[in-house]
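Following: one structure in structure tokens, then a few remarks.
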Amino acid sequence: MLSAYSRRSGFQSVIVDAYSNNLTIEETAKRISAIKGPKLLGFAVMSSHVVSRIESVLTLLDFNACDIRHVTLGGYFATFNQDFLLQRLGKVNSVIRFEVDQVFPHLVSAVAEGHDWKVLPGIAYRQDGKVIVSAGLTYPHNLDELPLADRSFERPDTNEAYIQTSRGCYGKCTFCLNIMFSNQEGMPTWRYRSAESIVDEMTRLAKDRGIRKYNIVDENFLGGRQKDARWRAHRFADLLIKNNLEIKFRLSCRANDIDSDLLAHLRDAGLINILLGIESGSSSFLRSIKKGATVNTNMAAIKMVRDAGISLSLGFMPYRPGTTLDSLDAEFRFLDDHVRGARLSPGLSQQLRGQLWVYEGSPEYRTLSQKGVRMQRDANTRNMFRYAECSKVVMFRQVNNPLLEMIEAAAIEIANMRIPHTRRMAYQRALDGLALDSSLGNLAVFHRHSKMDQSTFIKHARHPLVEEVSDIHILAQIENLLQRHDVSNGD
Ligand code: B12
Ligand code: SF4
């Protein structure tokens, strides 16, 4: 997007996609060095995982020989961690916060022409040992006016792509990082591209590159109850069907926004997977996180998606502040009653491990701080906080999660096997059953041993559960399952 914007403003731009191409630090630095002419270097800092890599790349680059005039950072993590980044990365000149579509070309031209870039809105920089953030915020009001994304970095050998069709969400979930990013004060809660603009881009990509599968990256594709949001979704489906594009796509939305007619229409247009943030089967928890959807709404949405024959992904978080063995049991039973047997992607083992992450600055963070819950900054992610948890829950997770990880690995292997679809579905369902049955079974064992102190508990639990149940029992079951059906790669 930024590349397309810069080109529109008359600058050349090159994208080096180190992440998807698995480039080493040396390879990344080499590719940057090979780009000719004076440069403004920008790094996308989506998460903290890339910070040390950026640091190493910057160390390897010869700024004079490469004629690097300015280094800037942007993206989710950069937006909320400008102080940390500017203090740690001495070679970085600026961080541009939030949606930078409009500011970025101005920064490029200010640097190119030697103008003062510090007056631009939403820019953080160092001054006299302090980090200053310039006032103001810009964002595109009409997403149809954005240039189409520069996709020159995408692999030519794939028929899949990411696409953005809207920004923001009207929800107010207390843990949500996305709305902290895209719902700033004074901004409309949801901005969108017209159905025509999306389908035009898809038509062009189908013709030029044979792209037939899309991950729609929007937080909330359906936008809300407002008329134009639903109208747009129907219009999008109409246009895909009319143009006969034979496209498959995945999207995320809220459970309270779907209805059977819309689902059927989108399915006929190519919708294959829907991600719903169900989060929990507990009414009081849904209220406490301000989900804006009830347990009944969630159950109805799950049923509608199942009935429409669309595969389902779920946001679900049984592990959260205040979780007990009993609340875990209730959450697992909710999944057992309402989700078992659904076409789940990637599989129930993920939902059974789901954790509420507390981001710095989120309403959840503030509530927990006010309640006096002990929290500790997570050293790896930096902008997330770990919170005090019940010791029995911690022990249970230590034992149960490795099993679920093994089941998930098996599910991914099965998803990648070249076997008939119906057989794949049967295996996935069997693995989901294993994940649920083992988790409920392990919980029952933990309940039986609940009188033991921590060290005896770990001593007793680790051997019977981890070695017998996980290493032998689960693996043997998966193997049996595969052998019974005589599955092999390339079947
Ligand atoms: C698609 C996606 C991915 C794809 C990206 C594919 C690709 N080739 O682009 C993949 C699968 C690779 C991915 C990986 C990861 N992701 Co991701 N991803 C997303 C998702 C769904 C959409 C991002 C997107 O494309 N948005 C559309 C574009 C237009 O918007 P944007 O990226 O925000 O860019 C704007 C600004 O951020 C800014 N900007 C972005 N880059 C840059 C660079 C510069 C120089 C500047 C100045 C500005 C700038 O300007 C843009 C225009 O305004 C978001 C959630 C969401 N709905 O946004 C999560 C999200 C960004 N991902 C997230 C995470 C955690 C990860 C992973 C760490 C997951 C993991 N455990 O491996 C990795 C990290 C990868 C990395 N290199 O750091 C989190 C980040 C949370 C955080 N920072 O605390 C998010 C918010 C999801 C979430 N809520 O948890 N992800
Ligand atoms: S519905 Fe999803 S995107 Fe919207 S506020 Fe809640 S968690 Fe965030």
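Since every read-out is calculated from the coordinates, none of them should be taken as a lab result. Predicted model only: the values in this text are computed from it and were never measured. When we count neighbours, we look across all protein chains shown, and the Cβ atoms used for this are built from the backbone with ideal geometry, even at glycine.
Protection proxy ranking for 333-339, 321-327, using the average of other Cβ atoms within 10 Å per residue and placing the highest first: 333-339, 321-327. Between ASP208 and SER391, the FRET efficiency from the beta-carbon distance, with R0 = 51 Å, is close to 0.35.
Normalised by residue count, segment 2-133 yields a Cα convex hull volume of 109 Å³ per residue. Using the Cβ of SER362 as centre and a radius below 15 Å, the other residues enclosed give a net charge of +4, where K and R count +1 and D and E count -1. Under 5 Å from the amide H of VAL358 lie the amide H atoms of PHE385, each residue being 5 or more positions distant or on a separate chain, with H modelled from the backbone and absent for Pro and chain starts. The string of couplings for segment 287-301 from the Karplus curve (6.51, -1.76, 1.60, θ = phi - 60°) is 5, 5, 8, 6, 5, x, 9, 8, 4, 5, 4, 4, 5, 5, 5 Hz, one whole number per residue in order, with x for Gly and Pro. In the chain, which longest range has no GluC sites (Glu not before Pro) that are both DSSP loop (not H, G, I, E or B) and surrounded by at most 13 other Cβ atoms within 10 Å? In the chain, the maximal stretch lacking such sites is 247-491. For the chain, the calculated P(r), taken from all Cα-Cα distances in 10 Å bins from zero up to the bin holding the longest distance, is 3, 16, 25, 27, 20, 8, 1, 0 percent.
Absence of a disulfide-compatible partner, taken as no other cysteine beta carbon within less than 4.7 angstrom, is noted in the chain for CYS66, CYS169, CYS253, CYS390. Calculated FRET efficiency, LYS248 to ASP116, Cβ-Cβ distance, R0 = 51 Å: about 0.55 to the nearest 0.05.
Give the separation of the Cα centroids, segment 150-180 to segment 85-133, in Å. Here the two parts' Cα centres lie 24 Å apart. Relative contact order, whole percent, for the chain stands at 10, derived from Cα pairs under 8 Å and 6 or more residues apart. Computed from backbone phi with θ = phi - 60° and the Karplus coefficients 6.51, -1.76 and 1.60, the 3J(HN,Hα) list for segment 125-141 is 8, 8, 8, 6, x, 10, 9, 10, 10, 6, 6, x, 7, 10, 7, x, 7 Hz; x is used for glycine and proline. A straight chain from ALA34 to ASN64 at 0.36 nm per residue would run longer than the Cα-Cα distance by 9.5 nm. Each residue of segment 105-121 was assigned a 3J(HN,Hα) from its phi angle through the Karplus expression (A = 6.51, B = -1.76, C = 1.60, θ = phi - 60°), giving x, 5, 5, 4, 6, 4, 5, 4, 9, x, 8, 6, 8, 6, 7, 5, x Hz with x at Gly and Pro.
A helix-only calculation puts the chain at -13500 deg cm²/dmol for mean residue ellipticity at 222 nm, using -39500 (n - 2.57) for each DSSP H run of at least four residues, averaged over all residues. The residues packed around ARG53, meaning those with a beta-carbon under 15 Å from its beta-carbon, carry a net charge of +1 if Lys and Arg are +1 and Asp and Glu are -1.
Measuring r between the beta carbons of VAL445 and ARG88 and using R0 = 35 Å, the FRET efficiency lands at 0.15.
With both labels modelled 7 Å from their Cα along Cα-to-Cβ, the VAL131 to TYR19 distance reads 2.0 nm.
Among the lysines, select those whose C-alpha is under 21 Å from the C-alpha of LYS392, and discard any that sit fewer than 8 residues away in the same chain. In chain and number order, the partners are LYS451, LYS459. Between LEU148 and PHE11, the modelled labels are 2.3 nm apart [label points 7 Å from Cα along Cα→Cβ].
Summarising the label geometry, the points placed 7 Å from Cα in the beta-carbon direction at ARG53 and GLU413 lie 2.7 nm from one another.
Take the residue pairs LYS36/LYS118; LYS291/LYS371; LYS227/LYS290; LYS207/LYS303; LYS118/LYS371 and return only those whose Cα atoms are more than 29 Å apart. Table pairs above 29 Å Cα-Cα are LYS207/LYS303; LYS118/LYS371. Ranked by the mean number of other Cβ atoms within 10 Å of their residues, highest first, the peptides 71-82, 229-240, 124-135, 33-44 fall in the order 71-82, 229-240, 33-44, 124-135. Local charge for LYS213 was computed over the other residues whose Cβ lies under 12 Å away, with Lys and Arg +1 and Asp and Glu -1, and equals +2.
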